[in-house]
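J.: Pasting a structure here, questions to come.
All of the numbers you see were taken from the coordinates with simple rules; none came from a lab. On a predicted model such as this, the values are computed, not experimentally measured, just so you know. Reconstructed Cβ throughout: ideal geometry from the backbone, glycine too, with neighbour counts over all protein chains shown.
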Amino acid sequence: MKSAIVNIGVLVGGDGLPSARDMKCIIMENGIISYIGSQDIDLSSCNVVVDADGATVIPGLIDSHVHIVLGDYTPRQKTVDFLESYVHGGITRTITASEVHAPGRPKDPAGVKALALMAQRCFQHFRPGGMTIHGGSVILEPGLTEKDFVELAEQGVWLAKAGFGAFPKPRDAAEIVRYAQKHGFKVMCHTGGASIPGSSPVTADDLLEMLPDISGHVNGGPTAMTDSDLEKVIHETAIALQIVQAGNLRAAIRTIQLAKEAQQFQRVLIASDTPTGTGMMPLGVMKSIVELSALSKTPAEQMIAAATGHVGRIYGIDAGLIRVGRPADVLVIDAPLGGSAAEALDAIENGDLPAIAACFTNGILRYMNSRNTPPPRRENIKVIHERLKMWI
Ligand SMILES: [Zn+2]
């Protein structure tokens, strides 16, 4: 399978650097970006070519806080096909925030290991709407030993979730967090007020003792920690700062301001923390990019990086950048029809959701014109060459 996008106006790399205006063409082959550059190149062997009509290309968004459980179903909102719908929100890859919403979830060491392994296996080859899903995050519970992490790592589980679990105090999980990290796990910790019955509030001092890799919903999920605690986490640790749509917006903006002042913006991640009580939100990540760019006056390229390149770097996965050799998860976005901006990045900085005009995952065109976003301002973003009976 070989696909291309031509007539690209603006290319956003996902690394937070200013966008490029001279890269007109991207070629994707067998799921990987194989070429970026001039469109003065032979495209006759491509199966699909999309004309971007001068619109903007960005990496597919990575939502690092999604509550998957099993299949494309969320028990929390009793909704099916939500992941496929998230692809229509530009989210081409998700990272589980642990399968904590499994009804009657197990709490013993054998049970939490089995749950994580089951989710890792089930989502390994399941691609709803073309999405890549990193499932299987072991919920840290008392009684887990170092050997458990050795066994899980051997089986391909590499994510762990702290801040739940039957510890008398959240920080009592610190020793188990060390075991997990020693064996290559990325540990995300619940942060702020309690979210659901059975979870506990997690403060800055808890985080300072546990030192997870990622402060999950640093702006609250949904309840934010205190302002002074937020400052402490930003200034006294190197923990990644995951801002979520389903949290406290004031705390989110404050996180960005403090991180920028401390020259720590590279630690900021944008995620949705859905489906939760807030609902299922296909546009959750895009909405946060837009709201935070507009309200904190941060360039759109940098906010997009927080939901793409930053996530790849912090989680140690090769996704999130438009670079040769990287996974071909790519969006064509445009200013929405009828808005005050002419270009997608200006629309974002103005507070308007962009149109997603085309979405590729794994190098395959999944749709033209998202059913979840407004239509694009440009009328001629279209497939100009297609040699397939079926796209998928
Ligand atoms: Zn969550």
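J.: How large is the charge dipole for the range 58-131, taken about the Cα centre, if only the Cβ atoms of Lys, Arg (+1) and Asp, Glu (-1) carry charge, to the nearest 20 debye? Spell out each step's value before the answer.
T.: On the way: 8 positive and 6 negative charges, 42 e Å.
Dipole magnitude for the range 58-131 comes out near 200 debye.
J.: For the chain, find the longest principal axis of its Cα atoms and tell me its angle to the long axis of helix 284-296, 0 to 90°, nearest 10.
T.: 90
J.: What order do you get for 270-280, 221-231 when each peptide is scored by the mean count of other beta carbon atoms within 10 Å, highest first?
T.: Values: 270-280: 24.5, 221-231: 18.4.
Descending packing order for the listed peptides: 270-280, 221-231.
J.: Same structure again: Would you calculate, for the chain, the mean residue ellipticity at 222 nm contributed by helices, counting each DSSP H stretch of 4 or more residues as -39,500 (n - 2.57) and dividing by all residues, to the nearest 500? Provide the component values of the computation, followed by the final result.
T.: Numbers: 11 runs with 104 residues, N = 392.
Result for the chain, helices only: -7500 deg cm²/dmol.
J.: Under 15 Å from a point placed 7 Å out from the Cα of Thr237 along the Cα-to-Cβ direction: which residues of the range 268-282 have their backbone N that close?
T.: Inside the label zone: 268-269.
J.: Suppose every Lys and Arg Cβ carries +1 and every Asp and Glu Cβ carries -1, with no other charges. What dipole size does the range 61-315 come out with about its Cα centre, to the nearest 20 debye?
T.: It comes to approximately 320 debye.
J.: Name the residues of the range 103-146 whose amide N is less than 18 Å from a point 7 angstrom out from the Cα of Arg178 along the C-beta direction?
T.: Under cut-off, by backbone N: 140-146.
J.: What dipole magnitude, in Debye to the nearest 20, does the range 7-92 give about its Cα centre under +1 on Lys/Arg Cβ and -1 on Asp/Glu Cβ? List each step's numbers first, then the result.
T.: Working: 4 positive and 11 negative charges, 69 e Å.
Magnitude of the dipole: close to 320 debye.
J.: Additional query: Considering only Cα-Cα distances, which of the following residue pairs are longer than 20 Å: Lys161/Lys287; Lys186/Lys260; Lys2/Lys287; Lys113/Lys169; Lys147/Lys186? Before the final figure, lay out the partial values.
T.: Numbers: Lys161/Lys287 25 Å; Lys186/Lys260 24 Å; Lys2/Lys287 31 Å; Lys113/Lys169 22 Å; Lys147/Lys186 17 Å.
Flagged as over cut-off: Lys161/Lys287; Lys186/Lys260; Lys2/Lys287; Lys113/Lys169.
J.: Something else now. Check which residues have an amide H placed less than 5 Å from Gln242's amide H, if you skip close sequence neighbours.
T.: Ser215, His217, Val218, Leu269
J.: Mind checking which of Val383, Tyr315, Ser200 is farthest towards the positive end of the chain's charge dipole, using Cβ charges of +1 (Lys, Arg) and -1 (Asp, Glu) about the Cα centre?
T.: Val383
J.: Taking +1 at the Cβ of each Lys and Arg and -1 at the Cβ of each Asp and Glu, which of Pro103, Met281, His67 sits farthest along the dipole of the chain towards its positive end, judged by Cα position relative to the Cα centre?
T.: Value computed over the given set: Pro103.
J.: Would you mind calculating the relative contact order of the chain from Cα pairs under 8 angstrom and at least 6 residues apart, reporting the percent as a whole number?
T.: Values: 1050 pairs, mean separation 80.0, N = 392.
That works out to 20 percent.
J.: I'd like the Kirkwood hydrodynamic radius of the range 324-392, using the inverse of the mean 1/r over distinct C-alpha pairs, in Å.
T.: Evaluated over the range 324-392, this radius sits at 12.9 Å.
J.: Cα centroids of the range 66-89 and the range 8-65: how far apart, whole angstrom?
T.: Using only Cα atoms to place each centre, the spacing works out to 28 Å.
J.: Let me ask you something else. Would you kindly state the longest site-free stretch of the chain, with sites defined as trypsin sites (Lys or Arg not before Pro) in a DSSP loop (not H, G, I, E, B) surrounded by at most 12 other Cβ atoms within 10 Å? Display every interim value, and only then the final one.
T.: Details: sites that count: Arg21, Lys78, Lys297, Arg371, Arg387, Lys389.
The segment 79-296 is the longest one with no such site.
J.: On a 0 to 90 degree scale, rounded to 10, what angle separates helix 249-261 from the longest Cα axis of the chain?
T.: Rounded to the nearest ten degrees, it is 80.
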